[in-house]
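What follows is one structure encoded as structure tokens, with my remarks underneath.
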């Protein structure tokens, strides 16, 4: 193999910096020399065959390195990571260097065939797959152990020698993107394809979902407005609204799967084969042989993990949920006490006291959420999942359940224990609107202020009136390395998930929720866009084919909302009046309707295909071709082996 | 390609007949000559490269042909159909001729490497894939049109020239199988691997499911017996029994998926890539280009099919269901009338009259079932599905819904409209036991009698005292071609499905149902085995990885049974007595318990992995290896293309 990669000249003249590596101050020279050598080394010698240059600032050497790669190296890397690109005949195919001429827009001198985000993803992949050969430790750091096949970058990160790796912004591209995304004041679709080219599929898919979800809420909002305007209180109108909501929420979730398939087919990630996933950085265990790859790596008994999950994590989560319910009950007691106090001695102080329980409860919930988040992260990490994806799923599940309870338990209590519809509507409106305002502040105003302060500080340091685009590379790197890191889309999806809960769980009580949700999401698009472009470091692109566990979460929420809405309608006095003689008939009718609605939901989810027909056809065609190719290949091989 | 297949000598000396082709009497010589030539022709010339011999009987030529193939041809065919076999290192891999030495038990002179069922499957596949080249019609039959790529055998079948193709029994093997399967009187597992070798995976999986299901019912039966013996009527015992039943039925269905994965992994079908499915024989349409394969074949608009399904089939099915309910109501009226009549004039005649409605109803249901089955087949055929699998799914769904209603509607009516638990228990017992006796008769006694008659007739014709094993080939073929054709496992699964319904839907009313089901299934295994070995033609082996739509059907049944059992328990007088003041509390409690049980069911189904861990690991290992191989191959190709 050494020969086949040898022609890649690492000393290409037009070095384009793509990724920044920041090492800890005071890292030993010996370590740096070894690490950079491994990065530059030929593929055949076990290196990454990338280009690396130190960033020299006016203060001298700051242990910051720029990584790039030759055009040819990137193309071969695209093949290794299995990128899927569009061909000249408009079909999507896995890119291979040998068939490069058949791909759309490919030319040997066209350096834009791969987007910058793709190049950075390739470099990240190559760096992470740089593996120890026979080193027993990181040179200069005997405590940082290595074994054959261990990812060097991951060990450097866990032992604190490597501070961060991040991709550089492209000031020109970013400016264009900003302009088309939120620069112009116009109503229209977001430039999803441009977002995908710049930020990668995971983030583009989040914005796609946000946009789709906003459009999908519009019918609900439009139908909800007359309920507010004309103050409709007829039960039959509420029943109609709730029924429409329930079926509609099923439809939009099913249709999203189809739209998601269209998007990710166009972006190539629907067809992309997942690489074999490496153990996540925090995974530890006794050195052993991985039964799948046959490589030496830490192994950890699955039974032990199951025991930790079911004997520790599960009881802990249940305890937290119980505690959260307990706190809620205290809040209701306090609320009652404040009300009684206000009734007894009516004064300014007592009417102020009315707000105290809510404020205390809001603060306590926020604190609990944060503590629980840390605990969940600690526990999930302690469960020692081998794969990042399974770590994420377990973490998301834990956090989701707790957040769901904290947000909605009080509403459930008001609705189904206190039976106070007026209070429910009021609480729902308060919770929805305050959470939206808080979020908008935290995501839009705060970032704007941060950006302003940041610009000022930067100007002070650079002492010039340059605009962003004119910044030198050194200034750009120094500026970006101080920016916050955008971790993942979790919080953004969580916000949408809770919003979906407010809109659908009690839709027949407060039809206006959808209107607020739509208004919020329109500004949300802009504030999130601002956040991505201005506030945070550029994140590495991450290929993905769907929104993963969130699809399941939204679908579960829509099943729960069938139950809650049916109960709410059954409890309304108008429906009550229809069954003057027998309350049992009422309850049975409601239960019957609920079961029918659930059945319709499941049948609809089953009947609507997850992928549009043309995507299905394209996928079938691709599979047919690969089967045919395999058959052809096997026949040739068989013939050859017989002729020997 | 012509060269690579040319070394296959079609004139091999040891011709082993595997498959029988029966042509219509009076088929033109020209047609026969063309058809046999196409079968014998070299692969490179578009033939199937098989061996074919006419069967010459004492009456001369009867248009019956025997098809076989050389050992080498079969091995190459195994590669084409993608058979998965066990390797020397105990892993399962797709068989390729070039890597044949690495497979367990492979030797160039070992003609048992492929089982006879596999050989027959390969020959069937090759025959069905014999395609027209530039023939415009079948020679001698201008009305039987052909077009390039059309399967010749399918056209011959639809135009009535080809009467049947069926695989031959292997008298020796069959004797051994019969002995180990049901010959000895011993309690133990069935020889599933031998059944699979002889009859293929679909049938072996049915027997595997039947056996598993019988074992899974034993705990229910054991718990059910004391209820009968001690005449327990306490509601808490019934609640316990029902709860156990509900959770147990979820567990057994989930565990079956795992066992199914273990079986089909061992048999290789779990890993087998499905070939691109050909249009089913009855499919018709305008000649066009298939967008997936690019081949010329009939195409039919998917929209038209959807319209036919939703505008004709769906209303028709609903109408039939309504009609069936209507007939049921008439039955109940008749029943009431007979009861009144008996009360008024008590006589022998009147007490005989009591049975008349039930008998009429049973006959009417049987007639309706049969008419409906024809109508469903006609409609599904008229819907013009391109694929056999989608035809089957639509047919199964239609028949399933109707059968479900016919079997259980009267029970539902008795339980939830008449509220008559005693009558329910009585009807349930009557229905279960009579349906089991009828089935046992139709599947065990009738076949036995058929076999006796068949033996006699055969003996008369052969006029000798030979045993089965000594029969000449001519006699064997003549005997087997007259045997009935085993269509598919549909009726067998349907019987189990309805039985599962009797056991689980009203389990808390009649705990003894499981006992009867277990007893029935034990004899069912023997009678079904007898049927397969003695009554029917040998069926072609059909690779399959799971029980398909039946898994879904059983799961749906277990969800419905949660609802029915909760309702039944809620209606019992003992539970009623617990809520003396408020019936609403009772209904709400029942509804709450039901929702909790459903939630537990879904969570359990979600948490229990569908495949055991070691199978998951093996699959992951295989996928990892294929990805690695692909990467390696691409690197080599890239290097080669650069060096050019």
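The values are calculated or read from the model by the stated rules, or taken from the named source; none is laboratory data. Just so you know, these numbers come straight off a predicted model, no measurement behind them. Here the Cβ is made from the backbone with ideal geometry for all residues, glycine too, and neighbour counts use every protein chain on show.
Among the residues of the stretch B:442-453, the ones that are at pLDDT below 80 and out of contact with any helix residue (DSSP H, G or I) (no Cβ under 8 Å at 6 or more places or on another chain) come to 5 in all.
Among the conditions (1) under 30 Å from residue A:228 (Cα atoms); (2) surrounded by fewer than 21 Cβ atoms within 10 Å (Cβ to Cβ), the only one that residue A:566 does not satisfy is (2). Residues in the stretch A:497-512 include none that are under 30 Å from residue A:442 (Cα atoms), at pLDDT 85 or above and touching a strand residue (DSSP E or B) at 6+ places or on another chain (Cβ under 6 Å).
When residue A:145 is tested against the conditions (1) farther than 30 Å from residue A:44 by Cβ; (2) surrounded by 15 or more Cβ atoms within 10 Å (Cβ to Cβ), the lone failure is (1).
Within the stretch A:549-561, the set of residues being more than 21 Å from residue A:422 (Cα to Cα) and either in contact with a helix residue (DSSP H, G or I) (Cβ under 7 Å, 6 or more places away or on another chain) or in contact (Cβ under 8 Å) with a residue 40 or more places away in the chain (or both) comprises A:549, A:550, A:551, A:553, A:554, A:555, A:557, A:558, A:559, A:560. Just checking, how many residues over the stretch A:580-600 are farther than 28 Å from residue B:602 by Cβ and either within 41 Å of the chain's Cα centre (by Cα) or more than 9 Å from chain B (Cβ to nearest Cβ) (or both)? Final tally of qualifying residues: 3. Residue-level analysis places residue B:628 among those that are facing chain A (nearest Cβ under 9 Å) and either assigned to a helix (DSSP H, G or I) or more than 24 Å from residue A:595 (Cβ to Cβ) (or both). Of all residues in the stretch A:537-546, those satisfying the criterion of being farther than 24 Å from residue A:255 by Cβ, surrounded by fewer than 21 Cβ atoms within 10 Å (Cβ to Cβ) and within 15 Å of the chain's Cα centre (by Cα) are A:539, A:540, A:542. Against the definition (more than 32 Å from the chain's Cα centre (by Cα) and either buried (at least 20 other Cβ atoms within 10 Å of the Cβ) or at pLDDT 85 or above (or both)), how does residue A:54 come out, yes or no? For residue A:54, the condition - more than 32 Å from the chain's Cα centre (by Cα) and either buried (at least 20 other Cβ atoms within 10 Å of the Cβ) or at pLDDT 85 or above (or both) - is met.
Kindly indicate the residue of the stretch B:567-579 that is closer than 24 Å to residue B:411 by Cα and touching a helix residue (DSSP H, G or I) at 6+ places or on another chain (Cβ under 7 Å) and also farthest from the other protein chains (Cβ to nearest Cβ) among those meeting that condition. It comes out as B:574.
Among the residues of the stretch B:338-373, those that are at pLDDT 85 or above, loosely packed, with under 13 Cβ neighbours inside 10 Å and more than 29 Å from the chain's Cα centre (by Cα) comprise B:340, B:343, B:344.
Per-residue answers, yes or no, for (1) crowded, with 19+ Cβ neighbours inside 10 Å; (2) within 22 Å of residue B:540 (Cα to Cα); (3) at pLDDT 90 or above; (4) assigned by the TED database to the domain that holds residue B:126:
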position	(1), (2), (3), (4)
B:34	no, no, yes, yes
B:60	no, no, no, yes
B:68	yes, yes, yes, yes
B:88	no, no, no, yes
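Condition check: within 30 Å of residue A:422 (Cβ to Cβ), more than 10 Å from every other protein chain (Cβ to nearest Cβ) and at pLDDT 85 or above. Does residue A:564 satisfy that? Yes; evaluated as a whole, the condition is true for this residue.
In the stretch A:287-311, of all residues being part of a loop (DSSP other than H, G, I, E, B) and within 12 Å of another protein chain (Cβ to nearest Cβ), the one that is farthest from residue B:622 (Cα to Cα) corresponds to A:301.
Test residue A:523 against the stated conditions and say whether it is touching a strand residue (DSSP E or B) at 6+ places or on another chain (Cβ under 7 Å) and either over 30 Å from residue B:594 (Cα atoms) or in contact (Cβ under 8 Å) with a residue 12 or more places away in the chain (or both). Criteria not met by residue A:523. When restricted to residues that are assigned to a loop (DSSP other than H, G, I, E, B) and within 14 Å of chain A (Cβ to nearest Cβ), the stretch B:79-129 contains 13.
Here is the figure for the stretch B:274-286: residues that are more than 10 Å from chain A (Cβ to nearest Cβ) and farther than 12 Å from residue B:386 by Cβ total 1. Looking only at the stretch A:627-634, decide whether some residue is buried (at least 17 other Cβ atoms within 10 Å of the Cβ) and at pLDDT 85 or above. Looking for residues that are buried (at least 17 other Cβ atoms within 10 Å of the Cβ) and at pLDDT 85 or above, one finds none in the stretch A:627-634, hence no. Of all the criteria given as (1) under 30 Å from residue A:237 (Cβ atoms); (2) not in a helix (DSSP H, G or I), the one not satisfied by residue A:570 is (2). Against the definition (modelled with pLDDT of 85 or more and within 11 Å of chain A (Cβ to nearest Cβ)), how does residue B:616 come out, yes or no? Yes.
Just give me the residues in the stretch B:258-279 being over 24 Å from residue B:513 (Cβ atoms) and assigned to a helix (DSSP H, G or I), in sequence order. Talk me through it step by step, then tell me what you get.
Quick first cut of the stretch B:258-279, residues over 24 Å from residue B:513 (Cβ atoms) only: B:258, B:260-279.
Listed by number, the residues that qualify are B:258, B:260, B:261, B:262, B:263, B:264, B:265, B:266, B:267.
Can you tell me which of (1) assigned by the TED database to the domain that holds residue B:541; (2) at pLDDT 85 or above; (3) over 26 Å from residue B:429 (Cα atoms) is the one residue B:294 doesn't meet? Unmet condition: (2).
Would you confirm whether any residue within the stretch A:172-190 is under 20 Å from the mean Cα position of the chain (by Cα) and modelled with pLDDT under 90? Explain how you work it out, then say what you get.
Taking the stretch A:172-190 first, the residues under 20 Å from the mean Cα position of the chain (by Cα) are A:181, A:190.
Still in the list and also modelled with pLDDT under 90: A:181, A:190.
Yes, that holds for at least one residue.
The single condition among (1) within 14 Å of another protein chain (Cβ to nearest Cβ); (2) touching a residue at least 12 places away in the same chain (Cβ under 8 Å) that residue B:50 does not meet is (1).
Restricting attention to the stretch A:154-167 and to residues that are within 24 Å of the chain's Cα centre (by Cα) and part of a helix (DSSP H, G or I), the residue that is nearest to residue A:85 (Cα to Cα) turns out to be A:154.
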